[in-house]
1. Could you say which residue among T178, T191, T161 is more than 10 Å from the ligand (Cβ to nearest atom), closer than 23 Å to V40 by Cα and not in a helix (DSSP H, G or I)?
2. Restricting to the stretch 242-263, count the residues that are touching a strand residue (DSSP E or B) at 6+ places or on another chain (Cβ under 8 Å) and in a loop (DSSP other than H, G, I, E, B).
3. Could you check the stretch 133-158 and list, in sequence order, the residues that are over 23 Å from V232 (Cβ atoms) and assigned to a helix (DSSP H, G or I)?
4. Would you please name the residue that is nearest to the ligand (Cβ to nearest atom), looking only at residues in the stretch 51-78 that are in contact (Cβ under 8 Å) with a residue 40 or more places away in the chain and surrounded by fewer than 22 Cβ atoms within 10 Å (Cβ to Cβ)?
5. Does A146 satisfy being touching a residue at least 24 places away in the same chain (Cβ under 8 Å), within 16 Å of the ligand (Cβ to nearest atom) and more than 30 Å from T160 (Cβ to Cβ)?
6. Could you check E114 against (1) surrounded by fewer than 16 Cβ atoms within 10 Å (Cβ to Cβ); (2) within 12 Å of the ligand (Cβ to nearest atom); (3) not small (G, A, S) and say which number it fails?
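Here, each number is a calculation from the coordinates, and none is a lab measurement. The shown structure was predicted, so the numbers you read here are calculated from the model rather than taken from an experiment. Counting neighbours? That spans all protein chains shown, and the Cβs are built from the backbone with ideal geometry, glycine included.
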Amino acid sequence: MARLSTLSRSIAGVGAIVTGAASGMGRATAHLFADEGARVVVADLGGERVDAVVDEIRDAHGEHAALGVVCDVADPAQLADLVARTVEWCGGITALVNNAGVSLVTSAFQPDDEFESNWARTLDVNLTAHARLIRLALPHLAASGAGRIVNIASTEAIVTTAGLAAYAASKAGVVGLTKSFAVELGRHGVTVNCICPGPILTGMTASIPDDAKETYARRRVPLRRYGIPEEVAQMTLNLCLPASSFVNGAVIPVDGGMTIRHT
Ligand code: NAI
């Protein structure tokens, strides 16, 4: 009997889409995937920000390593274009990382028009776009024979902050969407998993003053610090490996132990 099977830890040559890849965890994920030999589609708002990341990856790994697609994930037509351009560029899609997200204030005490527009935008970007992009990419993920979907939720799906009702609802929705698609897509050879990052040093948390970050981390996070984007990207990579073939429907905190802390 073989000592071990031959499950691979290589994603070399596979086509991967990372949304929200111009910044933070998405950028780190795009870099890490390219470092591992994947062909990465960097999708985000704003041409210059996308080009900057594509240039960084191409400088390190050559022209074939990255393609930039300017895409507002809240727009179904732009999502369809993202999938079409990915398939045209690298012939298929093996990994999809639904990472793009926004954190907009939605409070019970906000003016109605502000609440309504922030609520709608948050749900569109953080939740509905994930479902739409999964549906669009599904034929290609299934055809790859080892399709991998990773959705980036948040610890806000588990423990929540005042004034972020839409964000918390959208991230809890991502957990539910992950589980339902994991059940439905398993038979098509596609796994669907979800990561709940804790506080991470990215564009999203850049406006929080350093001393407030330190106080929060000391009180709430057993590791007593914010995480860095690569620490989440490494988990995303793991979930996309061929060797992670029996991990499906998992909801994995990458939070320094924040959500298991009682006091
Ligand atoms: P970030 O702000 O550095 O990056 C988010 C990226 O998403 C930006 O480049 C932004 O342009 C892009 N994006 C926003 N709306 C978009 C749209 N409509 N279409 C395309 N791209 C869009 O923030 P970060 O932290 O790297 O965020 C990545 C994911 O991680 C998000 O889903 C966020 O909710 C989640 N998250 C972040 C945490 C943190 O502490 N930073 C904690 C838990 C989850």
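1. Numbers: T178 fails: not in a helix (DSSP H, G or I); T161 fails: closer than 23 Å to V40 by Cα.
Just one listed residue meets the conditions, T191.
2. Of the residues in that region, 7 qualify.
3. Here is the first cut: in the stretch 133-158, the ones over 23 Å from V232 (Cβ atoms) are 135-136, 138-140, 142-145.
Passing the criteria: R135, L136, L138, P139, H140, A142, A143, S144.
4. From the stretch 51-78, those in contact (Cβ under 8 Å) with a residue 40 or more places away in the chain are 71, 73-74, 76; that's our starting set.
With the extra rule that they be surrounded by fewer than 22 Cβ atoms within 10 Å (Cβ to Cβ), the set shrinks to 74, 76.
Working: A74: 5, P76: 12 Å.
This residue is A74.
5. Numbers: touching a residue at least 24 places away in the same chain (Cβ under 8 Å): yes; within 16 Å of the ligand (Cβ to nearest atom): no; more than 30 Å from T160 (Cβ to Cβ): yes.
The answer is no for A146.
6. (2)
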